[in-house]
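What follows draws every value from the coordinates through simple rules; no lab data is involved. In this text the structure is predicted, and so the values were computed from the model without any measurement. Cβ: placed from backbone, ideal geometry, glycine included. Neighbour counts: every protein chain shown.
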Amino acid sequence: MKARRATISRQTAETEIQVTLDLDGEGVFAAETGVGFFDHMLHQISRHGMIDLDVRAKGDLHIDDHHTVEDVGICIGQALREAVGDKRGITRYGHAYVPLDEALSRVVIDLSGRPGLFFAADFTRDKIGTFDVELVREFFQGLASAGALTLHMDALKGHNAHHVAETLFKAFGRALRMAVAADGRTGDTMPSTKGSL
């Protein structure tokens, strides 16, 4: 299998971002986004997805974290789309349930080529430290759109907002790990009756 690695750079008037992603990594992670809780969540994707991930971001944090978080999601989605290639021989679908104490989340992924986020999570507070919880959805919206994947995310239980967010990021990592894995039974075939994804 050829290397499934990509580097994406994006520069706007609001952010300057570089993301390097390796789908066949070991969970090696580095990030400097200026948003501490967000870095902690990105680490969950890397570790539980067994994806090497390096994220460097400079954003207009003097305004708020929104542009940085959303644009990192876009860049990770673009890197994922490039790294996965034409999708021949992959599993395509992935799912995971992840608990953290009282919290439980479910994530289901289809590397369908059709972008869509279906997100259901009720947070019991507006912020985790200084991090606005609505940015969890914004991050995954950017990722799903740029990555052209269908993503269902459901926080099934939980009252601790940190735990709820963390289970969503961990479950995404686990589900993605499954979806991009080689399907040993199909060889190099396309996982679609249409012949392309």
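Per-structure values
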{"read-out": "From the options R185, R174, residue that is over 18 Å from I74 (Cβ atoms), out of contact with any Leu (no Cβ under 6 Å at 6 or more places or on another chain), touching a residue at least 24 places away in the same chain (Cβ under 8 Å) and not aromatic (F, W, Y)", "value": "R174"}
{"read-out": "Whichever residue in the stretch 90-99 is buried (at least 19 other Cβ atoms within 10 Å of the Cβ) and not β-branched (V, I, T) and, among such residues, is farthest from P191 (Cα to Cα)", "value": "A96"}
{"read-out": "Count of the stretch 10-22 residues which are in contact (Cβ under 8 Å) with a residue 60 or more places away in the chain and within 13 Å of E82 (Cα to Cα)", "value": "3"}
{"read-out": "Leading residue by the ranking (surrounded by the most Cβ atoms within 10 Å (Cβ to Cβ)) among those in the stretch 16-46 that are out of contact with any His (no Cβ under 8 Å at 6 or more places or on another chain) and of a type in the set (G, A, S)", "value": "S46"}
{"read-out": "Looking only at the stretch 81-122, and only at residues there that are assigned to a loop (DSSP other than H, G, I, E, B) and touching a His at 6+ places or on another chain (Cβ under 9 Å), the one that is nearest to G158 (Cα to Cα)", "value": "E102"}
{"read-out": "Leading residue by the ranking (nearest to the chain's Cα centre (by Cα)) among those in the stretch 52-80 that are in a strand (DSSP E or B) and either within 16 Å of F172 (Cβ to Cβ) or of a type outside the set (A, V, I, L, M, F, W, C) (or both)", "value": "L53"}
{"read-out": "Residue selected from the stretch 178-192 under the condition small (G, A, S) and in a loop (DSSP other than H, G, I, E, B), by the criterion nearest to I45 (Cα to Cα)", "value": "A181"}
{"read-out": "Scope the stretch 47-56; condition in contact with an Asp or Glu (Cβ under 7 Å, 6 or more places away or on another chain) and buried (at least 18 other Cβ atoms within 10 Å of the Cβ); matching residues", "value": "M50, I51, D52"}
{"read-out": "Cross-chain or 6+ apart pairs with Cβ under 8 Å, the stretch 41-64 first and without any contact (Cβ under 8 Å) to a residue 60 or more places away in the chain, then hydrophobic (A, V, I, L, M, F, W, C) and part of a helix (DSSP H, G or I)", "value": "L53/L42; L53/I45; L53/I76; V55/L42; V55/V72; V55/C75; V55/I76; A57/V72"}
{"read-out": "Inter-residue pairs, beta-carbon under 6 Å, first free of Cβ contacts under 8 Å to residues at least 60 places away in the same chain and assigned to a strand (DSSP E or B) and in the stretch 153-170, second buried (at least 24 other Cβ atoms within 10 Å of the Cβ) and not small (G, A, S), 6+ apart", "value": "M153/V107; M153/L168; A155/V164"}
{"read-out": "Within the stretch 113-131, considering residues that are surrounded by 17 or more Cβ atoms within 10 Å (Cβ to Cβ) and in contact (Cβ under 8 Å) with a residue 60 or more places away in the chain, the one nearest to the chain's Cα centre (by Cα)", "value": "F131"}
{"read-out": "Residue within the stretch 37-44 that is in contact with a strand residue (DSSP E or B) (Cβ under 9 Å, 6 or more places away or on another chain), over 19 Å from D132 (Cα atoms) and among the aliphatic types (A, V, I, L, M) present", "value": "no"}
